[in-house]
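Visitor: Quick one: the structure is below, and I'll ask about it shortly.
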Amino acid sequence: MRRTSLIILIAAAGLWVAWAAKSVILHPEMTVESGSYDKPMATIGTKPDQAWSGTTTAAGVDNKPQPGKPVSMVGEIVDFSCYLQVGKHGEKHRSCGQKCVQNGNAAGLLTKDGGLYMLMAEEHDPRRDGGVDIRSVAADHMGHIVQVNGTEATVNGYNAIFIQGLNKK
């Protein structure tokens, strides 16, 4: 009887470890109510033909920006700071995340596998000069699962998606 109980306990522990390894999103109990990974609520940005726009290329050192690749990713829009600092996301964090992003915190995209990408406007000169607006788009979709089109860039472990088509109206 003891051996059988021990085997069952070890098997249960193994299943729990396997489940925990798959659940890499901090606090998965904080659920999203709008959109799903199979049916995102909205699409943000236009899929670029090339990694970088002309203004970004022109702004690069010797007209060469850092490497990037066009991507379409699905994930939850989160307040980067609150997610990293206290693990909050989902519908229960929506109003706090909206306020944080509207007041200057970075927006992020949290993917199903727990990847976290800072969201930035791609066009260099319009971004610098205030001609693009990521804050209102991020606030509108805070806590929602959406598809984001843009250019993925990674430098020394920092991940970002630069979104084209966020021009102020």
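Visitor: With respect to the numbered conditions (1) farther than 14 Å from G165 by Cα; (2) open to solvent by less than 30 Å² (accessible area, probe 1.4 Å); (3) free of Cβ contacts under 8 Å to residues at least 40 places away in the same chain; (4) not small (G, A, S), which one is the sole condition not fulfilled by V132?
Guide: Among (1) farther than 14 Å from G165 by Cα; (2) open to solvent by less than 30 Å² (accessible area, probe 1.4 Å); (3) free of Cβ contacts under 8 Å to residues at least 40 places away in the same chain; (4) not small (G, A, S), V132 violates only (1).
Visitor: So how many residues does region 130-169 have that are closer than 20 Å to G115 by Cα, part of a strand (DSSP E or B) and touching a helix residue (DSSP H, G or I) at 6+ places or on another chain (Cβ under 9 Å)?
Guide: 5
Visitor: Picking from V86, V71, V78, V155, which residue would you name as being crowded, with 22+ Cβ neighbours inside 10 Å and either β-branched (V, I, T) or within 22 Å of E33 (Cβ to Cβ) (or both)?
Guide: From the options V86, V71, V78, V155, the qualifying one is V78.
Visitor: Looking at region 35-73 only, could you name the residues that are outside any loop (DSSP other than H, G, I, E, B) and closer than 15 Å to L119 by Cα?
Guide: So the first thing to find is which residues in region 35-73 are outside any loop (DSSP other than H, G, I, E, B), and the list is 43-44, 54-59, 61-63, 69-73.
Selection gives T43, I44, K69, P70, V71, S72, M73.
Visitor: Moving on. Name the pairs whose Cβ atoms lie under 6 Å apart, with the first residue in region 158-169 and in contact (Cβ under 8 Å) with a residue 24 or more places away in the chain and under 13 Å from A106 (Cβ atoms), the second of a type in the set (D, E, K, R) and assigned to a strand (DSSP E or B), and 6 or more positions between them or separate chains?
Guide: I161/E152
Visitor: Return only the number of the condition from (1) in a strand (DSSP E or B); (2) open to solvent by 30 Å² or more (accessible area, probe 1.4 Å) that L119 does not satisfy.
Guide: Tallying (1) in a strand (DSSP E or B); (2) open to solvent by 30 Å² or more (accessible area, probe 1.4 Å), L119 fails exactly one: (2).
Visitor: I would also like to ask the following. If a residue has to be in a helix (DSSP H, G or I) and either over 23 Å from T46 (Cβ atoms) or open to solvent by 50 Å² or more (accessible area, probe 1.4 Å) (or both) to count, how many in region 90-116 make the cut? Even if it seems obvious, please write down each step before you answer.
Guide: So in region 90-116, the residues in a helix (DSSP H, G or I) come out as 91-102.
This time we only want the ones that are either over 23 Å from T46 (Cβ atoms) or open to solvent by 50 Å² or more (accessible area, probe 1.4 Å) (or both), so: 91-100, 102.
Looking only at that region, the number is 11.
Visitor: If you go through region 135-152, how many residues are surrounded by fewer than 21 Cβ atoms within 10 Å (Cβ to Cβ) and closer than 18 Å to A51 by Cβ?
Guide: Within region 135-152, residues that are surrounded by fewer than 21 Cβ atoms within 10 Å (Cβ to Cβ) and closer than 18 Å to A51 by Cβ number 2.
Visitor: Only one of (1) out of contact with any Ser or Thr (no Cβ under 6 Å at 6 or more places or on another chain); (2) of a type outside the set (S, T, N, Q); (3) part of a strand (DSSP E or B) is not met by R127, so which one is it?
Guide: That leaves (3) as the condition not met.
The values are calculated or read from the model by the stated rules, or taken from the named source; none is laboratory data. What you see is a predicted model, and the numbers here were worked out from it, not measured in a lab. Glycine also receives a Cβ, built like all others from the backbone with ideal geometry; neighbour counts cover every protein chain displayed. To get the accessible areas, we keep the full protein, side chains included, count just its heavy atoms, and leave off ligands, DNA and RNA. Shrake-Rupley method; radii C 1.70, N 1.55, O 1.52, S 1.80 Å.
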